[in-house]
1. For the protein assembly as shown, compute the number of Lys pairs whose alpha carbons are separated by less than 26 Å, excluding pairs fewer than 8 positions apart on the same chain.
2. Rounded to the nearest angstrom and ordered from largest down, what semi-axes does the equivalent ellipsoid of chain D get from its C-alpha gyration tensor (root of 5λ)?
3. If you take the accessible area of A alone, add that of D alone, and subtract the area of the pair, what total do you get in Å², probe 1.4 Å, to the nearest 100?
4. Using the Kirkwood radius over C-alpha pairs as Rh, can you work out the diffusion coefficient of the protein assembly as shown via Stokes-Einstein at 37 °C, viscosity 0.692 mPa s, in µm² per second?
5. Distances in nm, one decimal, shortest first, from C:GLY93 to the same residue in every other copy, taking the label point 7 angstrom along Cα→Cβ.
6. Highest mean first, how do C:35-41, D:37-43, D:49-55, A:57-63 rank when packing is the count of other Cβ atoms within 10 Å averaged over residues?
7. Relative contact order for the stretch A:22-109: what is it in percent, counting Cα pairs under 8 Å that are at least 6 residues apart?
8. Work out, step by step, the length gained on full extension between A:THR50 and A:GLN70: first 0.36 nm times the residue separation, then minus their alpha carbon distance; give nm to one decimal.
Protein chains: 4
Amino acid sequence: MSQHITVRGFVATDPTIRNAQAGFPVGNFRLAATDRRFDREQNAWVDGNTNWFTVNLFRSLAQNAFTSLQKGQPVVVTGRLKVRPWETEERSGTAVEIEADTIGHDLSLGTATFQRSSGRPG
Amino acid sequence: MSQHITVRGFVATDPTIRNAQAGFPVGNFRLAATDRRFDREQNAWVDGNTNWFTVNLFRSLAQNAFTSLQKGQPVVVTGRLKVRPWETEERSGTAVEIEADTIGHDLSLGTATFQRSSGRPG
Amino acid sequence: MSQHITVRGFVATDPTIRNAQAGFPVGNFRLAATDRRFDREQNAWVDGNTNWFTVNLFRSLAQNAFTSLQKGQPVVVTGRLKVRPWETEERSGTAVEIEADTIGHDLSLGTATFQRSSGRPG
Amino acid sequence: MSQHITVRGFVATDPTIRNAQAGFPVGNFRLAATDRRFDREQNAWVDGNTNWFTVNLFRSLAQNAFTSLQKGQPVVVTGRLKVRPWETEERSGTAVEIEADTIGHDLSLGTATFQRSSGRPG
C-alpha cells in the first residue's frame with residue numbers, strides 16, 4: 001500500500017523540467033511545510049516544526065507546474081511519500097520525496113486564474 | 001480526531017458566498033469525484049463510482065474560491081469530512097460535506113496564474 | 001483517484017459475514033466517529049459532530065474482523081470513501097461507506113494480543 | 001497544518017519505553033512499509049520501494065504499544081509526519097518520524113484479542 005499524504009506548504013525552489021529517458025517530461029521542486037499547533041499556555045496557534053520535501057512531477061503535471069509555480073507561492077500537494085536512502089562515495093543521507101498526484105495553488109492565501117490544457121492529460 | 005480527506009474532482013456548481021452571522025464570509029459548492037480503478041480484464045484504468053460532496057468554505061478561502069473557481073474546473077480539496085443527518089417536516093437524508101482547509105486548481109489538467117492576497121488571511 | 005480516508009471511532013454493530021457470490025467472504029459493520037475540537041472559550045478539547053459510516057470488508061479482512069471485533073471496541077479504519085445514493089420504491093437516501101483496506105484495534109485505548117493468519121491473505 | 005499520514009507496515013524493532021521528563025511514558029519503534037504497485041507488463045501487483053519510519057509514542061499509546069507490539073507484526077499507524085534534520089559533530093542526516101495518534105494490529109493479516117484499558121487514556 002502506498003503512503004498517501006497531503007501537504008500544504010510553500011514552493012522553496014522554482015520547479016525544474018527535463019525530458020526523461022522514458023519519453024515524457026519530469027521535474028521537481030523543494031517544498032517547505034510548517035506545522036501549526038495550538039499552544040495552550042499562549043492560548044494561540046504557533047509555528048512548529050518545518051518539514052522539507054522534494055516534490056517529483058511527471059508528464060502533464062511536470063509541464064504545467066513548470067509553467068504555473070514560482071518560488072514563494074503557497075501550494076497544496078497530494079501524492080505518495082517516498083523515503084529513500086542515498087549514498088555516494090563520500091556521503092550518504094535520506095531523501096524525503098513526494099511523487100505528486102497533483103498540486104494546486106492554495107486558495108486560502110490568494111486567487112488564481114485557471115486555463116484548462118487543450119489535449120488529454122498525459 | 002477529525003477525519004481528514006483529500007479529494008480530486010470537478011466543481012459541479014459555481015461557488016456561493018454570503019456574509020455569515022459570525023461576521024466573516026462563508027460559501028460552498030458541489031464537488032463530483034470519480035474513482036479510477038485498474039480493471040485487470042480490460043488491462044486498463046476505468047471510471048468507478050462518483051462521490052458527491054458539498055464543500056464548505058470559510059473566511060478568506062470563501063472569498064478567494066468565489067473569485068477563482070468556476071463550474072467544470074478540476075480541483076483538489078483537502079479538509080475534514082462531515083456526515084450530517086438532516087430532517088425537515090417532510091423529508092430526511094444525509095449530507096456529506098467537507099469543511100475545506102484549502103482548495104487549489106488541479107495542475108495536472110491545466111495551468112494557473114496565482115495572485116497572493118494583500119492582507120493577512122482571515 | 002480514490003478518496004483515501006483514515007477514521008478512528010467505535011464499532012457500533014457487531015461485524016457481519018457472508019460468502020459473497022464472487023466466492024470470497026464479505027462483511028460490514030457500523031462505525032461511529034466523533035470529532036474532537038479545541039474550544040478556545042472553554043480552553044479545552046470538546047466533542048464535536050459524530051460521523052457514521054458503514055465499513056465494508058472483503059476476503060481475509062472480513063473473516064478476521066468477524067473473529068476479532070466486538071460492538072463498543074475502539075478501532076482505526078483506513079480505506080476508500082464511497083458516497084452512494086440509494087433508492088427504493090418508497091424512500092431514497094445516501095449511504096456513506098468505507099471500503100476498508102485494513103482495520104486495527106486502537107492501542108491508545110487498550111492492549112491487544114495478535115495472532116498471524118497461517119495462510120497467505122486472500 | 002500538520003501532515004497527517006496513515007501507513008501500513010511491519011514492526012521492525014520491538015517498541016521501547018521510558019518515562020519522559022514531562023512525567024509521562026514515551027517510546028518508539030522502527031516501521032518498514034513497502035509499496036505495492038500494479039505492473040502492467042507483468043499484469044500483477046509487485047513490491048516497490050520500502051519506506052522506513054521511526055514511530056514516536058506518547059502516554060497511554062506508549063504503554064499499550066510496549067505491551068502489545070512485537071517485532072515482525074503487521075500494523076497500521078496513523079499520525080503526523082515529521083522530517084527532522086539532525087547533526088552531530090561528526091555526521092548529519094534526516095530523521096523521518098511519525099508522531100502516532102494511534103496504532104492497531106493489521107486485521108487483514110491476522111486476528112486480535114483486545115482488552116480495554118481500565119482508566120481514562122492519558
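The values are calculated or read from the model by the stated rules, or taken from the named source; none is laboratory data. Predicted model, so just to flag it, every value in this text is computed and none were measured. Neighbour counts run over all protein chains shown; Cβ positions are idealised from the backbone, glycine included. Surface areas here come from the heavy atoms of the whole protein model, side chains and all, with no ligands, DNA or RNA. Shrake-Rupley method; radii C 1.70, N 1.55, O 1.52, S 1.80 Å.
1. Summing the qualifying lysine pairs gives 10.
2. 27, 22, 12
3. Using a 1.4 Å probe, the pair buries roughly 2100 Å².
4. The diffusion coefficient I find is 138 µm²/s.
5. Those separations, rounded to one decimal, come out as 1.4, 5.3, 5.5 nm.
6. Put in order of decreasing packing, that is A:57-63, D:49-55, C:35-41, D:37-43.
7. Relative contact order for the stretch A:22-109 comes out at 27 percent.
8. Separation in residues times 0.36 nm, less the Cα-Cα distance, equals 5.2 nm.
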